[in-house]
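A quick write-up on the structure given underneath.
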Amino acid sequence: MSAQAPAELDLAVASLIMVRPDEDRAEYEEQYESVAAVQDQLREFGIDIDLLSQPGVEIWEGSIETMGALYQLARMAAHLERGDDLAPIIADGPVLEEDLDRAVTDVWDELVPSRYRHLINLQGINSYYLPVDFADPVYLPFETDDGEEDQAFFGSSVQLLRELSELAPQLIKAGVSPRSDAFRCLESLREAARQSVECGLPVIVW
């Protein structure tokens, strides 16, 4: 029997400060300073959250099998909102092609509004969901280890939980199998969001 392939995206509900001061004081202080700066940036967008008070705490782990499953779920949400038949998307399967679906990219580019924006705008790593209720995802710039500029995505786990709780029964009604990769992706994200809201810790996607 072949070994199962590792998941392409990992999820955790945990503190952004990954060590306690009694474990590694220098590393803790470095992470504290970095997270405090993020907290200050988020406040500029009206997002008031304490990211500093539970260092080293992790309460849940999960995963998304493939980026294709996440993309297919986003496609389903976008097309369902437009009233489209999902049969062609179900038939496509969890694939991520170079020619991206305009229904999804129009939401990414803020060309069309969406009630599923916290789901659809999740595009992979360097992403976080915060246990605070705010309307629109936020993007903060950061510098990678290679010195390149990138952006981190911050969504609301409160909003994500609402979106997924609304979306799940509609997908089943539209013919999406609860055993499909896309629906399992939905369930993983929904559980992460639920844990985040209940425990007051961010969801980390990497």
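The values are calculated or read from the model by the stated rules, or taken from the named source; none is laboratory data. Owing to the predicted nature of the structure, the values given are computational and were not obtained by experimental measurement. A quick note on method: Cβ atoms are made from the backbone with ideal geometry, for glycine too, and the neighbour counts reach across all protein chains shown.
Miscellaneous remarks
Residues are listed down the side, and each one gets a yes or a no for (1) modelled with pLDDT of 95 or more; (2) under 16 Å from S15 (Cα atoms):
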position: P131; (1), (2): yes, yes
position: P137; (1), (2): yes, no
position: L171; (1), (2): yes, no
position: D181; (1), (2): yes, no
position: W206; (1), (2): no, yes
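- Verdict on V132 being out of contact with any Leu (no Cβ under 8 Å at 6 or more places or on another chain) and either of a type in the set (D, E, K, R) or farther than 22 Å from L201 by Cβ (or both): no
- Matching residues in the stretch 144-179 - criterion: being under 19 Å from I125 (Cβ atoms) and either buried (at least 18 other Cβ atoms within 10 Å of the Cβ) or of a type in the set (F, W, Y) (or both): F153, F154, G155, S156, S157, L160
- A182, sole failed condition from (1) crowded, with 21+ Cβ neighbours inside 10 Å; (2) out of contact with any His (no Cβ under 9 Å at 6 or more places or on another chain); (3) closer than 18 Å to N126 by Cβ; (4) not β-branched (V, I, T): (3)
- Among residues of the stretch 104-123 that are over 17 Å from L171 (Cα atoms), those with a beta-carbon under 9 Å from a residue that is among the aliphatic types (A, V, I, L, M) and in a loop (DSSP other than H, G, I, E, B) at least six positions away or on a different chain give the pairs T105/L111; D106/V112; W108/L100.
- Considering residues of the stretch 104-123 that are within 9 Å of the chain's Cα centre (by Cα) and more than 15 Å from L80 (Cβ to Cβ) only, the residue surrounded by the most Cβ atoms within 10 Å (Cβ to Cβ): H118
- For G46, the conditions (1) in a loop (DSSP other than H, G, I, E, B); (2) in contact (Cβ under 8 Å) with a residue 40 or more places away in the chain; (3) of a type in the set (G, A, S); (4) under 22 Å from R194 (Cβ atoms) all hold with the exception of (4).
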